[in-house]
1. Do we find that A:Glu63 is over 16 Å from B:Thr100 (Cα atoms), within 10 Å of another protein chain (Cβ to nearest Cβ), of a type outside the set (Ser, Thr, Tyr) and part of a loop (DSSP other than H, G, I, E, B) in this structure?
2. Among the candidates A:Thr82, A:Thr78, single out the residue that is open to solvent by less than 20 Å² (accessible area, probe 1.4 Å), touching a residue at least 12 places away in the same chain (Cβ under 8 Å) and in contact with a strand residue (DSSP E or B) (Cβ under 7 Å, 6 or more places away or on another chain).
3. Name the strands (runs of 3 or more DSSP E) wholly inside the stretch B:5-111 in which the number of residues that are more than 11 Å from chain A (Cβ to nearest Cβ) and open to solvent by 40 Å² or more (accessible area, probe 1.4 Å) is 3 or more.
4. Go through the stretch A:1-32 and report how many residues are within 26 Å of A:Ala84 (Cα to Cα), open to solvent by less than 30 Å² (accessible area, probe 1.4 Å) and either without any contact (Cβ under 8 Å) to a residue 40 or more places away in the chain or not in a strand (DSSP E or B) (or both).
5. Return a yes/no flag: does the stretch A:87-95 have any residue that is more than 13 Å from the chain's Cα centre (by Cα), in contact (Cβ under 8 Å) with a residue 60 or more places away in the chain, within 23 Å of B:Trp35 (Cα to Cα) and within 14 Å of chain B (Cβ to nearest Cβ).
6. Given the conditions (1) out of contact with any strand residue (DSSP E or B) (no Cβ under 7 Å at 6 or more places or on another chain); (2) touching a residue at least 12 places away in the same chain (Cβ under 8 Å), and given that A:Lys41 satisfies all but one, which numbered condition is not satisfied?
7. Name the residues in the stretch A:44-60 that are in a loop (DSSP other than H, G, I, E, B), surrounded by 15 or more Cβ atoms within 10 Å (Cβ to Cβ) and either more than 10 Å from chain B (Cβ to nearest Cβ) or out of contact with any strand residue (DSSP E or B) (no Cβ under 7 Å at 6 or more places or on another chain) (or both), would you?
Amino acid sequence: GAVVSQHPSRVICKSGTSVKIECRSLDFQATTMFWYRQFPKQSLMLMATSNEGSKATYEQGVEKDKFLINHASLTLSTLTVTSAHPEDSSFYICSARDGGGTGELFFGEGSRLTVL
Amino acid sequence: RKEVEQDPGPFNVPEGATVAFNCTYSNSASQSFFWYRQDCRKEPKLLMSVYSSGNEDGRFTAQLNRASQYISLLIRDSKLSDSATYLCVVSLTGGGNKLTFGTGTQLKVEL
């Protein structure tokens, strides 16, 4: 079945550095992907909607200059956390819908970011 | 008030028990409803969609009450492998693209 893959699954970085997370739809094309963030014991919160070939749409309170999203192809969206700080440490998850298939929304395996 | 509210649990039940989870949502314009399952430190996976008429998938039964803005999930004959966090999820769109998640209810099934 359709699969969404994220990379890296885990990353530890120093404060002030930038980290890029990739989200790929492996066997379907996704014009839209979604980026979520989950802090411990909290719900997944939608950060932004990534649109292929155009600018991402950010949810209220999410800084677009800090969380850069690029959706350059129909199978790849990237989230770059710029100048990461310890409070950015979280579980980042992407999702994509297989619009050409069952229409089911699939989630990536998630990327756990720890900023020291 | 949270958009989607759930009892965080944990619900500790013996194998074979029947357990029910409840969820309320605040936005009456919500169009689509789901239950997801999330294992520790893993991504959420769709368990089932929830329809107004109620629906069943094996041991799992979901109910929706739009008037009360209330969703439920019933698990019968619970298995050890059912241990997970169950997420109540709603969407304002019929296609269910932008999802709003509850914090989840943790279930622990024990021998």
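The values are calculated or read from the model by the stated rules, or taken from the named source; none is laboratory data. Since this is a predicted model, take the numbers as computed values, not measurements. In this analysis, Cβ positions are derived from the backbone assuming ideal geometry, glycine residues included, and neighbour counts consider all displayed protein chains. Note: areas computed on protein heavy atoms with side chains; ligands, DNA, RNA excluded. Shrake-Rupley method; radii C 1.70, N 1.55, O 1.52, S 1.80 Å.
1. Values: over 16 Å from B:Thr100 (Cα atoms): yes; within 10 Å of another protein chain (Cβ to nearest Cβ): no; of a type outside the set (Ser, Thr, Tyr): yes; part of a loop (DSSP other than H, G, I, E, B): yes.
It is false that A:Glu63 is over 16 Å from B:Thr100 (Cα atoms), within 10 Å of another protein chain (Cβ to nearest Cβ), of a type outside the set (Ser, Thr, Tyr) and part of a loop (DSSP other than H, G, I, E, B).
2. The conditions single out A:Thr78.
3. Numbers: elements: B:11-14, B:19-25, B:32-38, B:44-50, B:55-57, B:60-65, B:70-75, B:84-91, B:99-101, B:105-110.
Where strands (runs of 3 or more DSSP E) fall fully within the stretch B:5-111 and carry at least 3 residues being more than 11 Å from chain A (Cβ to nearest Cβ) and open to solvent by 40 Å² or more (accessible area, probe 1.4 Å), they are B:11-14, B:19-25.
4. 1
5. Quick first cut of the stretch A:87-95, residues more than 13 Å from the chain's Cα centre (by Cα) only: A:87-89.
Checking which are in contact (Cβ under 8 Å) with a residue 60 or more places away in the chain leaves us with none.
No.
6. The number of the failed condition is (2).
7. Within the stretch A:44-60, A:Glu52, A:Ala56 meet the criteria.
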